[in-house]
Each structure stands twice: as structure tokens, then as C-alpha cells.
Amino acid sequence: ENLKIDISKTFTFVSEEKVNGYKSQVASHLKSLYEKTGRGSDFLGWVNLPSSIDEAQLSDIETTAANLKSKADVVVVIGIGGSYLGARAVIDAMSNSFDHLITERKNPVVIYAGQNIGEDYTAELLELLKDKSFALVVISKSGTTTEPALAFRLLKDLLESKYSAEEAKDRIVAITDAKKGALRTLADQKGYKTYVIPDDVGGRYSVLTPVGLLPIAVAGIDIRALVKGAKDMEEITAKEGENSAAATYAAVRNELYKNGKATEILVNYQPKLHFVAEWWKQLYGESEGKENKGIFPAAVDFSTDLHSMGQWIQEGVRNIFETIITVSKANKTVIVPTDEADLDGLNFLAGKRVDDVNKMAELGTLLAHVDGGVPNIKVEIPVLNEYYLGQLLYFFEIACGISGYILDINPFDQPGVEAYKKNMFALLEKPGFEAETAAIKAKL
Ligand code: PA5
């Protein structure tokens, strides 16, 4: 069984014929992705990445992960954007929901830094780590991003004050560019173990490089199954081409967009998938939001958000559509017990699994939202495990490439991310930004 897509609940809003009409352009966009002839073609290393990962790479990552696991109770993964969200998405999806409270453990607790500049967060992290055995995985493709660089400076100082220079060095792994950037210079000088982020893989497409795989392996998650799932989806998509699930998703979301559905809400019914949605938001938002175009990617966790955003989705502005990630079967079983007094009135659920209730919430919501004017796409995986997460990640990546080409933008750059950096550096009076500093001060 493989990941499936069901778009039948969009056909009261867009015609099936119109969606099928995308097939020939989708076939040519896929060809451009495979043959590297479209926009942003320098950044297509992720397209055949799953099938190119070999045994040596996997076992090297596993060995490094085992070394960090043997040394540290806490591993801090430092990175932002594409150097953060893929690892967190998979780790959260595959970990116990209460992982941080589990004391008897085989794997270190993975926590994150460098994805915000909150001083309280930073202070509390430094305070916490003072008395812990910890290690650092610092990830930055450019090697110059301010947020992770700042977090790394602080955490490295703490590590070096706790351990000998040699031991501190062995507790740091850096993942960065082969040659460029401050992190590469620092890592080479200090002699850290390093991994290279390939030139042709952009941050948000890098989850299946060491950027994602090392932190995921440190958390004790099976990276081989993850890569196998992605590899199978790579093969399925290549084989099925314009009829693949990814092609269908790319086509239908663009047709919905053309018909005024400017916001896509990714829905999950498993709280563990929250960060898969955060990863997806970055993938689609940063890939498509340019040239004054692009679907706004939003996300909700149901049924939590049915009691908050549910009202808006049911009856607000009709410019949205939903994509549900549905997991056919729960991994664990909890049966609703019978209660003789039935004071809570729940005996009608007795004997059912909690997942049966969840599934009816899902189906009931889907039908209500479609009736309320919200087209619905369903992406279904049989179970939540590493293998199907691998399928899901690659499915979204390749669909994003196709979708960006349908939209006629470059899905592999992010020029808009620079504007805030320029202003921040000007305001902080970074050397080299003197003219910008004078200009921005005049505006204040
Ligand atoms: O997808 C992207 O390219 C970005 O989100 C980057 O991953 C993010 O800005 C972090 O960049 P870097 O890895 O260079 O620190």
C-alpha cells in the first residue's frame, strides 16, 4: 500500500475535466525537474536524492548519532527554516507524545535552538544545560545565518566551559557548505566532525540530507525506513508521471487557486503531525510566495482547532480549501469503557476505539466543510511510521516543484527572505551596512 490522494471532494468547486487538463503541462514540468531544464535548475539535487543515498552515508550518520547518544543526555539541534523544520517534523511525528517527560530512555532528548532570538528562551536553555550532559548539532547551509550563529556562539561557550577542549570538540557536529561560510571556517579550525549540505539542495528540500537525517537518527528514529519510503515515492512518481498523486495534488491546488481559493489549510487529526505542517508551510510558502503570487499555506490541528478556527473555516470568507493528512490506522489501541451509571452519556461509544471517534470527527468535519463551501483534498497514509513519512515528505516536495512550475515562478529561491535581514543588520549597525544604517535611521 502507498500514499493515496482523493480529490473527489473538490469537484463541486472545480471541474474534474479542468483538473485533468493540467496533465500535459504537468508532464512537461516533471520532465523539466528530471532533466534540470526549468527555473532554479541549480537546486534540483533533492529530486533524485532518496535513490542516491548509499549504505556508506547511512552508516556514517548512524555511527555519528551513536557517538552523540553515548555521550549526551540532551542534544541541541541548532538551525532555522530548512535547517530545522524537517528534523523536527519527523522527530515529533515519530516520538512519544510525552517524550520530554520520559525518564527511562534509550535516546537523548532532542531540543532546538537558533530558530528564534528570544532572550528568555536562550537564558532558560543555557540555565537548563548547565547541569546536563549535552551535545550540539549545528546546521547552516550558508554558515552565516544570524539566529543559529548566535545560538551556537552561546552554546559552544557553555560546552567549552564544561568540558575539556578535546571533549567539547567531540560533542559538536557541524552540517554546512563544503567550502563557504563562517561555520565551515570555524568547524575546520576546531576540527569538528562535519557533514556537507550539497550545493544543489536548498534548505527546505534538505530533510533527507544529513540536515534532517543526523538529528532524526540521534532521536532513535529509523532513517533507513524513512529514506526507503522517500525512495519508493521517488520511483512511483517517476513511473506514474502526470497521473501520480503528486501531479494530481499540484494540478488541483492550482485549479482551486485560479478559482479564488487563495489559502490552503493543511489539516491533521494527530497532534504529532503539527510540525509536519510547519515543514509543509515553509516548503510551499517559501517556494511559491513570490512575484505577487502563491497560495497562502496555513495549518490547523484538529480536533483542537475545531473549537477555535473551526468557526472561521465553516462560515468565514470562502477563499479557502483544505488538505487533510489522514492516517488510516492508529498505532496504539484504546477502547472506550462501558460505565454502568453512564452519567457522562458516553455509553454509545463503549467498545469503540478512540480512533473510531477521531475518524468520525474527521469525516463529519470534512462533509460539513464541503457543505460550507470549502473544497477538500485528502492525502492518506496507511499508518504513521518512518516509511510512510518518507513517502509523504517526498510527495510534498515533488508536488511543490510541479506546482511552482505551474504557477510560473522559481520554486527554489527565496529572494524575499533577504529584506528583513538587510534591515536588521542596518539597525544593528553591522560593519559593511553603513549606508543602510544611515538610510534606515532616517526613516525612524
Ligand atoms: O529553505 C531555505 O533555504 C531557508 O529556509 C534556509 O534553510 C534558512 O534560511 C536557513 O539557512 P541556513 O541553513 O543557510 O542557515
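Here are some notes:
- Helices (runs of 4 or more DSSP H) contained entirely in segment 325-432, each with at least 2 residues that are β-branched (Val, Ile, Thr): 354-371, 386-407
- A single entry from 136, 183, 129 fulfils the requirement of being away from the ligand (no atom under 16 Å from the Cβ) and of a type in the set (A, V, I, L, M, F, W, C): 129.
- Residue count for segment 80-124, restricted to those that are closer than 30 Å to residue 418 by Cβ and either surrounded by fewer than 20 Cβ atoms within 10 Å (Cβ to Cβ) or within 13 Å of the chain's Cα centre (by Cα) (or both): 23.
- A single member of 202, 220 is within 12 Å of the ligand (Cβ to nearest atom), farther than 21 Å from residue 152 by Cα and modelled with pLDDT of 95 or more, and it is 202.
- Residue in segment 278-288 that is among the hydrophobic types (A, V, I, L, M, F, W, C), within 16 Å of the ligand (Cβ to nearest atom), touching a Cys at 6+ places or on another chain (Cβ under 7 Å) and touching a residue at least 24 places away in the same chain (Cβ under 8 Å) present: yes
- Residue 201 being more than 19 Å from residue 90 (Cα to Cα) and within 21 Å of the chain's Cα centre (by Cα): no
- Taken together, the residues in segment 330-382 that are touching a strand residue (DSSP E or B) at 6+ places or on another chain (Cβ under 7 Å) and acidic (Asp, Glu) amount to 2.
- Selection from segment 25-56 of residues that are closer than 17 Å to residue 404 by Cβ, in contact (Cβ under 8 Å) with a residue 60 or more places away in the chain and part of a loop (DSSP other than H, G, I, E, B): 38, 39, 40, 44, 45, 46, 47
- Residue pairs whose Cβ atoms lie under 8 Å apart, separated by 6 or more positions or on different chains, with the first residue in segment 1-24 and on the phi < 0 side of the Ramachandran plot and of a type in the set (S, T, N, Q) and the second assigned to a loop (DSSP other than H, G, I, E, B) and surrounded by 15 or more Cβ atoms within 10 Å (Cβ to Cβ), are 10/375; 12/375.
- Of everything listed in (1) under 20 Å from residue 89 (Cα atoms); (2) in contact with a helix residue (DSSP H, G or I) (Cβ under 7 Å, 6 or more places away or on another chain); (3) away from the ligand (no atom under 16 Å from the Cβ), the single unmet condition for residue 111 is (2).
So that you can scan it fast, the table gives a plain yes or no per residue for (1) farther than 25 Å from residue 72 by Cα; (2) assigned to a helix (DSSP H, G or I); (3) within 16 Å of the ligand (Cβ to nearest atom):
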position: 214; (1), (2), (3): no, yes, yes
position: 224; (1), (2), (3): no, yes, no
position: 235; (1), (2), (3): yes, yes, no
position: 252; (1), (2), (3): yes, yes, no
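- Hits in segment 82-108 - residues which are away from the ligand (no atom under 16 Å from the Cβ) and hydroxyl-bearing (Ser, Thr, Tyr): 95, 97, 103
- Annotation note: Cβ proximity below 8 Å between a residue of segment 391-407 that is among the acidic types (Asp, Glu) and a residue that is part of a helix (DSSP H, G or I) (sequence gap 6+ or interchain) occurs for 397/205; 397/283.
Table: residues versus (1) touching a helix residue (DSSP H, G or I) at 6+ places or on another chain (Cβ under 9 Å); (2) more than 27 Å from residue 385 (Cα to Cα); (3) charged (D, E, K, R).
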residue	(1), (2), (3)
120	no, yes, yes
129	yes, yes, no
165	yes, yes, no
181	no, yes, no
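- Figure legend. Inter-residue proximity from segment 413-438: first residues under 16 Å from residue 145 (Cα atoms) and of a type in the set (Gly, Ala, Ser), second residues assigned to a helix (DSSP H, G or I) and away from the ligand (no atom under 13 Å from the Cβ), beta-carbon distance below 7 Å, spacing 6+ or different chains. Indicated pairs: 426/436; 426/437; 426/440.
- The residue that is surrounded by the most Cβ atoms within 10 Å (Cβ to Cβ), counting only those in segment 278-321 that are within 21 Å of residue 367 (Cβ to Cβ) and aromatic (Phe, Trp, Tyr), is 321.
- Of all residues in segment 125-173 being of a type in the set (Gly, Ala, Ser) and touching a residue at least 12 places away in the same chain (Cβ under 8 Å), the one that is surrounded by the most Cβ atoms within 10 Å (Cβ to Cβ): 140
- The number of residues in segment 40-81 that are in contact with a strand residue (DSSP E or B) (Cβ under 9 Å, 6 or more places away or on another chain) and within 16 Å of the ligand (Cβ to nearest atom) comes to 5.
The values are calculated or read from the model by the stated rules, or taken from the named source; none is laboratory data. Just so you know, these numbers come straight off a predicted model, no measurement behind them. Methodologically, a virtual Cβ is constructed for each residue, glycine included, from the backbone with ideal geometry; neighbour enumeration extends over all protein chains shown.
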